[in-house]
Amino acid sequence: MTPAKIRSIPFFDYPHLFLSEQQELTAIFREVGSRGAFILQEDLARFERNLAANLGVKHALGVANATDGLLLALRATGIGPGDEVIFCSHTMVATAAAIHFAGAIPVPVECGDDHLVNPEAVENAVTQRTRAILPTQLNGRTADMHALEGIADRHGLAIVEDAAQALGSRFHGRAAGSFGAAGVFSFFPAKTLGCLGDGGAIVTNSDEVYERVTQLRDHGRGADGEIVSWGLNSRLDNLQAAILDFRLASYSGAIERRRALAGIYRDRLQGIASLQLPPGPSDDPQHFDIFQNYEIEAERRDELRSYLKMHQIGTLLPWGGKAVHQWARLGFAKRLPYTERLFERVLLLPLNLSLTDQDVHHVCNTIADFHRLA
Ligand SMILES: Cc1ncc(COP(=O)(O)O)c(C=O)c1O
């Protein structure tokens, strides 16, 4: 008798990003390459128009990656040396790095039980020097923007959204990225809309922010080629934009698929008392979540992770296992007890378009086995 084949489920399947659409992507490469259209060309402009229309915002601008995008968005919003910017510590270090490289002071605060920024903690962190709030729309879910807008209005603060993980996510019908002075997306390959390398975009309804970012991303050049300010080189490659525009056309289907997979996790795992799950895709009509990640909390998290690994199922600890303020060398003196406790429990399960329903059932069966054997 042949032994049953062990099903191996990596946390993320990078080759799938290319192989699943190999013909179409190769055709785009050939077509764009033959035109020699590599930098600031029509494909980029078309993608920017389509992205803006898709989100219901006035402007979109492709940039090299979301880290640069956050930096440029902060600079374009007038944030600079001496300003304090409040961010949630449960985020990628890139969020805080962008504040740091804008010359401002990153002020970390706690997340809430939905793992997104806790508005009360934001309000408590406001000082005379606070100039902006930078919420991360984590795991494809949009934070309570009504509460954050209230705080921003009361204290005269700007909002810049880190929507790197939230393209298409909505709160009360409005798109993540469209709430503040600017919103920033990442097209890193593993993102819900991924390119074949690095990429990002800034969206804004402000003509002024749009003008500033147009210059900042292209060496400070104005429309006539004159240098009007200091700038960087942070343009989204035209070829990547062509690939992203192709993928944007089927993006809503991709999101529905992610939401369906999240629904399976929800249905299958909700009976396990020692797990805390994210809200299901249809739990709250005010939130439309796109499930960039499926982030759970688990008692005995490390044992569960080892058990899944033994069964060839890949998982991930967010951000390498620490919230931003916990990286000692970055010099944060603050303690954030809620977030620190969360980071002893939090775990990302595989959720991506290479997975079949059966794959997700297999992950759930294996998690159930772990708890049965306990
Ligand atoms: C929340 C968050 N912010 C910022 C970034 C940085 O994006 P990029 O890799 O495009 O610079 C990421 C990417 O992983 C992210 O998840």
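A few remarks follow.
- Highest-fluctuation residue, 308, 236, 116 considered, GNM on the chain with Cα pairs under 10 Å: 308
- Calculated from backbone phi, Karplus (6.51, -1.76, 1.60) coupling profile of the stretch 176-186 in Hz, x at Gly/Pro: 3, x, 9, 7, x, 5, 7, x, 10, 10, 10
- Charge dipole (debye, nearest 20) of the chain; +1 at Cβ of Lys and Arg, -1 at Cβ of Asp and Glu: 680 debye
- Percent of alpha-carbon pairs separated by more than 30 Å within the chain: 40 percent
- Among 158-169, 71-82, 222-233, 344-355, the peptide with the highest mean count of other Cβ atoms within 10 Å heads the list, and the full ranking is 158-169, 71-82, 344-355, 222-233.
- For the stretch 77-234, the Kirkwood hydrodynamic radius from C-alpha pairs, put into Stokes-Einstein at 25 °C and a viscosity of 0.890 mPa s, yields a diffusion coefficient of 153 µm² per second.
- Only one residue of 219, 360, 185 has its Cα farthest out toward the positive end of the dipole of the chain, where Lys and Arg carry +1 and Asp and Glu -1 on Cβ, and that residue is 360.
- Taking 50, 124, 238 in turn, the Gaussian network model of the chain (Cα-Cα springs below 10 Å) assigns the largest fluctuation to 124.
- Ligands, DNA and RNA are left out, and with a 1.4 angstrom probe the accessible area of the stretch 71-174 is 33 Å² per residue.
- Put a dot 7 Å past the Cα of residue 249, heading toward its Cβ, do the same for residue 120, and the two dots end up 4.9 nm apart.
- Listed residues 52, 249, 152, most fluctuating in the chain (Gaussian network, C-alpha, under 10 Å): 249
- Distance in nm between pseudo-label sites at residue 260 and residue 11 (7 Å out along the Cβ direction from Cα): 2.6 nm
- Stretchable slack from residue 208 to residue 21, in nm (0.36 nm times residue separation minus alpha-carbon distance): 63.5 nm
- Segment residue 327-residue 353, extension gain: residue separation times 0.36 nm, minus the distance between their alpha carbons: 6.2 nm
- For the stretch 21-99: relative contact order, % (alpha-carbon pairs under 8 angstrom, 6 or more apart): 22 percent
- Interchain or long-range residues, amide H under 5 Å from residue 65's placed H: 200
- Projecting the Cα positions of 67, 93, 119 onto the charge dipole of the stretch 58-122 (unit charges on Cβ atoms of Lys, Arg, Asp and Glu, taken about the Cα centre) puts 67 furthest along the positive direction.
- Heavy-atom surface analysis with a 1.4 Å probe gives the stretch 234-374 a carbon and sulfur content of 51 percent of its accessible area.
- Less than 5 angstrom separates the built amide H of residue 228 from those of 221, 222, all sequence-distant by 5 or more or on a different chain.
- Computed from the Cβ-Cβ distance with R0 of 25 Å, the FRET efficiency linking residue 127 to residue 147 stands at 0.85.
- Each label was represented as a point 7 Å from its Cα along the Cα-to-Cβ direction; for residue 274 and residue 302 these points are 1.5 nm apart.
- All C-alpha to C-alpha distances of the stretch 41-99, sorted into 5 Å bins beginning at zero, yield P(r) values of 4, 17, 19, 20, 18, 14, 6, 2 percent in whole numbers.
- Over the chain, relative contact order from alpha-carbon pairs under 8 Å, at least 6 apart, %: 21 percent
- Förster-model FRET efficiency, 35 Å R0, residue 365 and residue 174, C-beta, rounded to 0.05: 0.35
- Across the stretch 279-284, rounded Karplus estimates of 3J(HN,Hα) from the backbone phi angles (6.51 cos²θ - 1.76 cosθ + 1.60, θ = phi - 60°) give x, x, x, 10, 6, 9 Hz, Gly and Pro being marked x.
The values are calculated or read from the model by the stated rules, or taken from the named source; none is laboratory data. These figures come from a predicted structure and were not determined experimentally. Quick reminder, even Gly has a Cβ in these numbers, built from the backbone with ideal geometry, and neighbours come from all protein chains shown. All accessible areas refer to the heavy atoms of the entire protein, side chains included, with ligands and DNA or RNA removed. Shrake-Rupley method; radii C 1.70, N 1.55, O 1.52, S 1.80 Å.
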